[in-house]
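Enquirer: Can you keep this structure in mind? I'll have questions shortly.
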Amino acid sequence: MLTIEPFQRRWLLTFGATLALLLSGAVALSLRLPSFREPAFNFYAMQPGQIFNVYGLTRRQEGSVKLGFAEAYPAPEIGAYGNHIIAFFGADAFDRPEEAEYFFNYYYANLSLPEIRRYLLRVARLNHLPKKLILVQVTPPNADNGGAIIDRGNELPPDVLLSSREDDRGLVGPLPLMALSWELISNWLHEILNYNTVVMSLFQRGGYEERTLSPANCHENPPAWLSRLPVMLQSRLGTYGGLRCVPRLWSGALRRDGSQLVAGPETRTPLVQNENALKETERALRAGDEQKIAHEMQAIDAIGRRYGVKVVFIVPPVYETDRHDSVVNQILDRALALVPDVAVVDHRNLHSDASLFEGGIHASAQYYRILVEELRRRGVVNSVSRNQND
Amino acid sequence: MNFNSLEFLVLLLPITFVTFYVVPMRLRLWVLVVASFVFYGASGPEVLLAFLIAILWGYGTAFLFGRWPRAGAITIAISVPALLLIMFKYLGFILDTVQAQPETRDHFWLFFSIVLPAGISFYTFEIVSYSLDVADKKIQPERDLLRFTSFATFFPHLIAGPIMRYADLRQQLQALQSTQVLKPNIVSGLKLLSIGLVFKIFVADFSGTRVAKASDLPLDQLSGIDQITQIAFWSSQIYYDFWAYSVMAIGLGRLFCIELPVNFREPYLSRDPREFWQRWHVTLSYWLRDYVYIRMGGRESYVRNILIVFALVGLWHGAGWNFVAWGLYHALLVILYHLTAPAWDRLPRPIAVGMTFTLVSFGWPLFFLSLEKYAAFLGHLATVAPWHTSLYRVYDWLYLAAIGLVTFGLRERNWLYNETGSHNPVTDSSIVTAFLMFVGLLFISLSRTFIYFRF
């Protein structure tokens, strides 16, 4: 029981009403946003050299562009699944520039292994898994201090979480169901109560057509006044004003094969060695997580075996000094030791060559050529190729 | 879990609040304990187990006093909490210092791989202070385990303080168990919660992003003014991170009729380094004064004791030589003031405050840089051309100026705590508070973990 003085009562009433009004507004605004999932964008219909501009999309929308594509269109022979870490993995690594019919990069926001498993279950139910090879990226532990490996980032839409529930054999009993409920609520909260969702719902412009363009044919110069403004304003005003030929707006743009366009000098971030300081206080993996990682890897591998598709896990390198003995790296080492039957390409040792990186934690196209060479050496790529040149 | 998470603010807090006031009074502490375990247990079961062991040990060993020899009972009482603290927080530092072989480290893999329990330094100090107060007969051992657990776990102060003494909370907890109708100061609680949240996101964390802007570059690309600006952002980031947590903690306490002490009393307004430590993290300063400094003889060996106490302050903040150096740096400042007090005290207030702020600010990089990097940082600052800036822009300085205006120009007793009975039309407005809460919730994804979270 509590008693509230009259002054407090009035204050609380106004406070509650104002907050409720603002929160309702946020919910209403979020409902205005197009999903970018249905109808799905068709990457196969893009011309080589074209890009899909994602600027001004929310994180969820950006992922939904690819999720919608994965749900609506059959996958090519090889599909890469992971998060932004593999953003620059394109078909050119296979000497098939932007050939989406051969390779597509389904990387999505900051997915971790449990989310990739659900994503794969979702597309498997639609019979849209890659035909021959699934490449699954494991976030290199030193990239995010163990983050985005098994922790969940509220990235997938709720219906994907729910639709994969029946296939999720680990989900029995009240505790996992409570965990799923918690995840769904948390997922919804993070989507609705997000400045990006609210801001974008007010200012977002451009559907599929407006967002697809060829930088090579872009002769429309942005107005001079725009280039004099701070970077953030340039981008916002450019999006709002429909100025498509502003290179800053191409940051994060997707190519035909799902990979990300390499940023021009205007937006390129400096190459930072040891970008994540691996602070002990921010470590995202702890003892026992090796079991969880191994469990997730086996579950993903089992999806591939169930549908007759080879699964290979890749651990890309991070630009760093020799930090292999970090606790998070050791936990992944232990996890990998628990799954000897799962195919893994672990390239964490390629950490010192700056040319292999587009940023401190993002491997470059040059690295992916090395990766594909390794896949060829293991006979994984040759065995799936229809092209003798491969 | 943390205060600046949607799960806490939108789910756990409202559910706990409603349940707390709906259940019969005998169940109120149960509600707080369960909520605190949910709040803490989100970090993992291992850390929760370590916490439970420390609580039960502190509770049980208190009954040894009066039955066992004092020294032995004290040793037993503080052994397990201290051991847990050492194993989880200082083991790596100790092994690094003695240059232990990798095989030796492998023996301790379990401790290395478990994430440092949140707030372990805080709850260890609280439990140790309880044991010592019982030993000194300042308080009686608590027989009610629920009440003792509530003291140790009460979620507003659990992660990052203030460091409470049992005597401070006992009566308040008893009141919750025995008062039928409570009169919480909800208005003040919500106000402090909203303001703390907004300052955490838009001052502390934003300052952190400006610091990172310079940290990502090699030193030779920074000018002197860049480095000075970076130090200013560090000062803002650290202070407002701690401050925001404390303000939110006080606000949360008020929602549940518990009054927590103010832990940061406008420390940047201090005239001298000694006053700084009477205003900065007040409950830690008093803890060390009462349980370490005075027990070592206090002013009898002033310089020695100050050096020891501040080395401990440094170690308490982090397991690393940079933290020890930071503590010793402050010890030197306090000793310097001790030796020059007559002259220092004659300085005009703005000069004394400015000097103290500058000296304190030059210590903050040690929170983030190793000793070698800090030396290189200072070396570069001493030699580089000062006025050419390559990094920060006018809006960075305008932003710093705005923070400076709030820090040095406004008095918290007026605009924040209403101690003078004043009513601020802006900060006391229900609409402004609701708006701040809404903005805080919207931008919470930009927020980072509190720096003190794993102290």
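Enquirer: Give all pairs with beta carbons closer than 8 Å in which a residue from the stretch A:212-223 that is under 13 Å from residue A:250 (Cβ atoms) and at pLDDT 75 or above meets a residue that is aliphatic (A, V, I, L, M) and part of a loop (DSSP other than H, G, I, E, B); count only pairs at least 6 apart in sequence or on separate chains.
Expert: A:212/A:46; A:215/A:261
Enquirer: All but one of (1) in a loop (DSSP other than H, G, I, E, B); (2) at the interface with chain B (Cβ under 10 Å from one of its Cβ atoms) hold for residue A:13; which doesn't?
Expert: Every condition holds for residue A:13 apart from (1).
Enquirer: Among the residues in the stretch B:111-118, are any within 13 Å of another protein chain (Cβ to nearest Cβ), within 16 Å of residue A:326 (Cα to Cα), assigned to a loop (DSSP other than H, G, I, E, B) and of a type in the set (S, T, N, Q)? Show your work before the answer.
Expert: We begin by selecting, within the stretch B:111-118, every residue within 13 Å of another protein chain (Cβ to nearest Cβ); these are B:111-118.
Still in the list and also within 16 Å of residue A:326 (Cα to Cα): B:111-116.
Among the residues that remain, those that are also assigned to a loop (DSSP other than H, G, I, E, B) are: B:114-116.
In the following step, the residues that additionally are of a type in the set (S, T, N, Q) were identified as none.
Within the stretch B:111-118, none of the residues are within 13 Å of another protein chain (Cβ to nearest Cβ), within 16 Å of residue A:326 (Cα to Cα), assigned to a loop (DSSP other than H, G, I, E, B) and of a type in the set (S, T, N, Q).
Enquirer: Based on this model, can you work out whether residue A:379 counts as on the phi > 0 side of the Ramachandran plot, not in a strand (DSSP E or B) and not hydrophobic (A, V, I, L, M, F, W, C)? Give the derivation first.
Expert: Values: on the phi > 0 side of the Ramachandran plot: yes; not in a strand (DSSP E or B): yes; not hydrophobic (A, V, I, L, M, F, W, C): yes.
In short, yes.
Enquirer: Right, another one. Look at the stretch B:228-273 and say how many of its residues are closer than 30 Å to residue B:28 by Cα and among the polar types (S, T, N, Q).
Expert: So the first thing to find is which residues in the stretch B:228-273 are closer than 30 Å to residue B:28 by Cα, and the list is B:242-264.
If we keep only those that are among the polar types (S, T, N, Q) as well, we get B:246, B:263.
Qualifying residue count, the stretch B:228-273: 2.
Enquirer: From the list B:369, B:378, pick out the single residue that is aliphatic (A, V, I, L, M) and within 14 Å of chain A (Cβ to nearest Cβ).
Expert: On the way: B:378 fails: within 14 Å of chain A (Cβ to nearest Cβ).
Of the residues listed, the single one that is aliphatic (A, V, I, L, M) and within 14 Å of chain A (Cβ to nearest Cβ) is B:369.
Enquirer: Just to be sure before I move on: is residue A:19 assigned to a helix (DSSP H, G or I), at negative phi and within 11 Å of chain B (Cβ to nearest Cβ) in the structure I sent? Spell out how you get there, then give the answer.
Expert: On the way: assigned to a helix (DSSP H, G or I): yes; at negative phi: yes; within 11 Å of chain B (Cβ to nearest Cβ): yes.
Taking the combined requirement at face value, the residue satisfies it.
Enquirer: Right, here's the next one. Suppose we filter the stretch B:379-421 for residues that are surrounded by fewer than 17 Cβ atoms within 10 Å (Cβ to Cβ) and touching a Phe, Trp or Tyr at 6+ places or on another chain (Cβ under 8 Å); how many remain?
Expert: Looking only at that region, the number is 1.
Conditions (1) over 30 Å from residue B:105 (Cα atoms); (2) in contact with an Asp or Glu (Cβ under 6 Å, 6 or more places away or on another chain); (3) within 14 Å of chain B (Cβ to nearest Cβ); (4) hydrophobic (A, V, I, L, M, F, W, C), marked per residue:
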{"residue": "A:250", "(1), (2), (3), (4)": "yes, no, no, yes"}
{"residue": "A:271", "(1), (2), (3), (4)": "yes, no, yes, yes"}
{"residue": "A:277", "(1), (2), (3), (4)": "no, no, yes, yes"}
{"residue": "A:291", "(1), (2), (3), (4)": "no, no, yes, no"}
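Enquirer: Tell me the residue from A:107, A:119 that is touching a Gly at 6+ places or on another chain (Cβ under 9 Å) and not in a strand (DSSP E or B), please. Walk me through it before giving the result.
Expert: Details: A:119 fails: touching a Gly at 6+ places or on another chain (Cβ under 9 Å).
Among A:107, A:119, only A:107 is touching a Gly at 6+ places or on another chain (Cβ under 9 Å) and not in a strand (DSSP E or B).
Enquirer: Taking interchain pairs and intrachain pairs at least six residues apart, which have beta carbon atoms under 8 angstrom, with the first residue in the stretch B:279-295 and assigned to a helix (DSSP H, G or I) and the second among the basic types (Lys, Arg)?
Expert: Qualifying pairs under 8 Å: B:279/B:265; B:282/B:265.
Enquirer: Which count do you get for residues in the stretch A:10-31 that are exposed (fewer than 12 other Cβ atoms within 10 Å of the Cβ) and modelled with pLDDT under 90?
Expert: Residues flagged as exposed (fewer than 12 other Cβ atoms within 10 Å of the Cβ) and modelled with pLDDT under 90 within the stretch A:10-31 amount to 1.
Enquirer: Among all residue pairs at least 6 apart or on different chains, which show Cβ distances below 8 Å where the first residue, located in the stretch B:429-451, is at the interface with chain A (Cβ under 7 Å from one of its Cβ atoms) and free of Cβ contacts under 8 Å to residues at least 12 places away in the same chain and the second is in a loop (DSSP other than H, G, I, E, B) and of a type outside the set (A, V, I, L, M, F, W, C)?
Expert: B:442/A:194; B:445/A:194
Enquirer: Here's a follow-up. Go through the stretch A:84-124 and report how many residues are of a type in the set (S, T, N, Q) and surrounded by fewer than 24 Cβ atoms within 10 Å (Cβ to Cβ).
Expert: Quick first cut of the stretch A:84-124, residues of a type in the set (S, T, N, Q) only: A:105, A:110, A:112.
Now drop any that are not surrounded by fewer than 24 Cβ atoms within 10 Å (Cβ to Cβ), which leaves A:110, A:112.
Residues in the stretch A:84-124 being of a type in the set (S, T, N, Q) and surrounded by fewer than 24 Cβ atoms within 10 Å (Cβ to Cβ): 2 in total.
Enquirer: Further, regarding this structure: Could you look through the stretch B:407-428, keep only residues that are touching a residue at least 40 places away in the same chain (Cβ under 8 Å) and among the polar types (S, T, N, Q), and pick out the one that is farthest from the other protein chains (Cβ to nearest Cβ)?
Expert: So in the stretch B:407-428, the residues touching a residue at least 40 places away in the same chain (Cβ under 8 Å) come out as B:407-408, B:411-412, B:416-418, B:427-428.
Narrowing further to those that are among the polar types (S, T, N, Q): B:407, B:418, B:427.
Details: B:407: 26, B:418: 13, B:427: 13 Å.
Ranking the qualifying residues of the stretch B:407-428, first place goes to B:407.
Enquirer: Residues of the stretch A:29-45 being away from every other protein chain (no Cβ under 14 Å) and in a helix (DSSP H, G or I), which ones? Don't jump to the end; show me each part of the working.
Expert: Looking only at the stretch A:29-45, we keep the residues that are away from every other protein chain (no Cβ under 14 Å), and these are A:31-45.
Within the stretch A:29-45, A:31, A:32, A:43, A:44, A:45 qualify.
Enquirer: Another question, if that's okay. Name the residue, out of A:305, A:334, that is among the basic types (Lys, Arg), under 27 Å from residue B:110 (Cα atoms) and in a helix (DSSP H, G or I).
Expert: On the way: A:305 fails: under 27 Å from residue B:110 (Cα atoms).
A:334 is the lone residue from the list that is among the basic types (Lys, Arg), under 27 Å from residue B:110 (Cα atoms) and in a helix (DSSP H, G or I).
Enquirer: Quick one: which of B:194, B:188, B:121, B:207 is more than 14 Å from every other protein chain (Cβ to nearest Cβ) and either assigned to a helix (DSSP H, G or I) or out of contact with any Lys or Arg (no Cβ under 8 Å at 6 or more places or on another chain) (or both)?
Expert: Details: B:194 fails: more than 14 Å from every other protein chain (Cβ to nearest Cβ); B:188 fails: more than 14 Å from every other protein chain (Cβ to nearest Cβ); B:121 fails: more than 14 Å from every other protein chain (Cβ to nearest Cβ).
None of the other options fit; the residue is B:207.
Enquirer: Give the residues of the stretch A:280-289 that are among the polar types (S, T, N, Q) and more than 7 Å from chain B (Cβ to nearest Cβ), sorted by residue number.
Expert: Those that are among the polar types (S, T, N, Q) and more than 7 Å from chain B (Cβ to nearest Cβ): none in the stretch A:280-289.
Enquirer: Further question on the same structure: Does residue B:400 satisfy being in contact with a Ser or Thr (Cβ under 8 Å, 6 or more places away or on another chain), within 28 Å of residue B:216 (Cα to Cα) and within 14 Å of chain A (Cβ to nearest Cβ)? Break it down stepwise before answering.
Expert: Details: in contact with a Ser or Thr (Cβ under 8 Å, 6 or more places away or on another chain): yes; within 28 Å of residue B:216 (Cα to Cα): yes; within 14 Å of chain A (Cβ to nearest Cβ): no.
For residue B:400, the condition - in contact with a Ser or Thr (Cβ under 8 Å, 6 or more places away or on another chain), within 28 Å of residue B:216 (Cα to Cα) and within 14 Å of chain A (Cβ to nearest Cβ) - is not met.
Enquirer: Output the residue which, of all residues in the stretch B:154-185 that are under 29 Å from residue B:236 (Cα atoms) and within 13 Å of chain A (Cβ to nearest Cβ), is surrounded by the fewest Cβ atoms within 10 Å (Cβ to Cβ).
Expert: Taking the candidates together, the pick is B:159.
Enquirer: Any chance you could count how many residues in the stretch B:1-31 are of a type in the set (D, E, K, R) and either exposed (fewer than 15 other Cβ atoms within 10 Å of the Cβ) or at positive phi (or both)? Talk me through it step by step, then tell me what you get.
Expert: Initially, the stretch B:1-31 is screened for residues of a type in the set (D, E, K, R), giving B:7, B:26, B:28.
This time we only want the ones that are either exposed (fewer than 15 other Cβ atoms within 10 Å of the Cβ) or at positive phi (or both), so: B:26.
Of the residues in that region, 1 qualify.
Enquirer: While we're on this one: I want to confirm something. Restricting to the stretch B:217-264 and keeping residues that are assigned to a loop (DSSP other than H, G, I, E, B) and within 19 Å of the chain's Cα centre (by Cα), which single residue is farthest from residue B:398 (Cα to Cα)? So that I can check it myself, show each step before the final result.
Expert: Initially, the stretch B:217-264 is screened for residues assigned to a loop (DSSP other than H, G, I, E, B), giving B:217-218, B:222-223, B:256-264.
Filter once more, so that each one left must be within 19 Å of the chain's Cα centre (by Cα): B:258-264.
Working: B:258: 38, B:259: 36, B:260: 34, B:261: 33, B:262: 29, B:263: 28, B:264: 25 Å.
Going through the qualifying residues, I end up with B:258.
Enquirer: Taking the stretch B:405-455, which residues are of a type in the set (Lys, Arg) and either farther than 23 Å from residue B:160 by Cα or in contact with a Ser or Thr (Cβ under 8 Å, 6 or more places away or on another chain) (or both)? Break it down stepwise before answering.
Expert: Start the filter on the stretch B:405-455 by keeping residues that are of a type in the set (Lys, Arg), which leaves B:411, B:413, B:448, B:454.
Of everything in the stretch B:405-455, those that are of a type in the set (Lys, Arg) and either farther than 23 Å from residue B:160 by Cα or in contact with a Ser or Thr (Cβ under 8 Å, 6 or more places away or on another chain) (or both) turn out to be B:411, B:413, B:454.
Enquirer: In the stretch A:334-367, how many residues are under 26 Å from residue A:304 (Cβ atoms) and touching a strand residue (DSSP E or B) at 6+ places or on another chain (Cβ under 9 Å)?
Expert: Number of matching residues: 13.
Enquirer: Still on this structure, I have one more. Identify, from the list B:51, B:39, B:17, the residue that is away from chain A (no Cβ under 12 Å) and over 21 Å from residue B:165 (Cα atoms).
Expert: On the way: B:51 fails: over 21 Å from residue B:165 (Cα atoms); B:17 fails: away from chain A (no Cβ under 12 Å).
Exactly one of B:51, B:39, B:17 is away from chain A (no Cβ under 12 Å) and over 21 Å from residue B:165 (Cα atoms), namely B:39.
Enquirer: Here are some residues: B:114, B:94, B:120. Which one is of a type outside the set (Lys, Arg) and at pLDDT below 85? Walk me through it before giving the result.
Expert: Working: B:94 fails: at pLDDT below 85; B:120 fails: at pLDDT below 85.
The match here is B:114.
The values are calculated or read from the model by the stated rules, or taken from the named source; none is laboratory data. Predicted model only: the values in this text are computed from it and were never measured. Cβ sites come from the backbone with ideal geometry, for glycine too, and all protein chains shown count toward neighbours.
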